[in-house]
1. Under 20 °C and 1.002 mPa s, how fast does the range 1-121 diffuse according to Stokes-Einstein, given a Kirkwood radius computed over C-alpha pairs? Answer in µm²/s, whole number.
2. Here is the link list: 132/208; 141/216; 132/216; 28/208. Which ones come out longer than 23 Å on Cα distance?
3. Can you bin the range 133-275 into rounded, prolate or oblate? Criterion: square roots of the alpha carbon gyration tensor eigenvalues sorted a ≥ b ≥ c, rounded for a/c under 1.5, prolate for a/b above b/c, oblate for the rest.
4. Could you please tell me the mean projected area of the C-alpha convex hull for the chain, averaged over all directions and given in square nanometres to one decimal?
5. From a point 7 Å beyond the Cα of residue 13 in the direction of its Cβ, which residues of the range 56-98 have a backbone N at a distance under 18 Å?
6. For the range 211-240 and the range 49-87, write down the distance between their C-alpha centroids in whole Å.
7. From the Cα gyration tensor of the range 56-169, with a ≥ b ≥ c the square roots of its eigenvalues, which class applies: rounded if a/c is under 1.5, or else prolate if a/b is larger than b/c, or else oblate?
8. Would you look at the GNM of the chain, springs on alpha carbons closer than 10 Å, and say which of 19, 249, 104 moves the most?
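Derivation of every value follows stated rules applied to the coordinates shown; laboratory data play no part. The shown structure was predicted, so the numbers you read here are calculated from the model rather than taken from an experiment. Ideal geometry is used to build each Cβ from the backbone, glycine not excepted, and the neighbour counts take in all protein chains shown.
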Amino acid sequence: MREFIAGIAEIPEIREEIATVAGYLWDKGWAERNAGNLSYNVTRFYDELPDEFDFEAPVSLSHTFAHLNNQLLLVTATGSRMRDVATDIAANICLLHIIDGGKAYRQLLKPEVIKTIAPTSELPVHLAIHEKLCTENRPEKVIIHTHPNRLIAMTHIREFCSQSVINNILWSMQPETCIFIHEGLGFVPYLQTGSDALAQATLTALEKHRVVLWEKHGCLAIGENAPEAFDLIDIAEKSADIFFTCRNAGFQAEGIPLADLKKLRDSFGIAQPEE
């Protein structure tokens, strides 16, 4: 039997990206049990569907995603653990073909030795974001949602539950956050996991941000590839770690002064953040 890696045996670099990043998420402690999910639009790797692809029966979607019609998306399976995705992609990821004008999807049929599992319960959020990325012809193809400890902790402290407050803290902790996440994080107040409301709020936040922080829940990032999306969250979490390290030592983090942050932005040609 031909090696089955969720329909991507022909593009091993994607397989390696997903496995490596899933391992990072587990090693960081951001993926307890089956926490978090990942999706990857791999349509560009196929001029047409391979003849050997067999699909399960179509599944109707609650919303129409017209711009995703005929797109191919890799999505982590519901209940899958990132530590298992890292070592056995075939058993823990789904390849979805969006069909019927964006009203349904069909999943690539797996060999009998591998149990077919439904995609993540947060599929509506992933589809809504990929729809936006396709509609706007944006380069980002990957969505990662995970649970970084210290970023989540910040949203359990009421005084920090503000987009401007969180961003000003994170930017001031290290130059890298100011440079690589110069637009800051979008902040979404607590909403039900997997809900349409969460999807819409996230879409709004992604108008100006590549990283979105969900209050008391987790973080989501988009990137052109899996390592890029991971790096954005990793940088933000490092700033939160520095902030809490200072607090836990009994000190208030001084932070990089605003004047110095402005000089930093100017030297890198980065626009000043919007108020």
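1. 146
2. The answer is 141/216; 132/216; 28/208.
3. On the way: a/c = 1.81, a/b = 1.23, b/c = 1.47.
Oblate is the answer for the range 133-275, as a/c is 1.5 or above yet b/c matches or exceeds a/b.
4. Numbers: hull surface 60.0 nm².
For the chain, averaging the hull's shadow over all directions gives 15.0 nm².
5. 74
6. Each part's Cα centre sits 23 Å from the other's.
7. Judged from the Cα gyration tensor, the range 56-169 comes out oblate (a/c at least 1.5, b/c at or above a/b).
8. Checking each option, the largest mean-square fluctuation is seen for 249.
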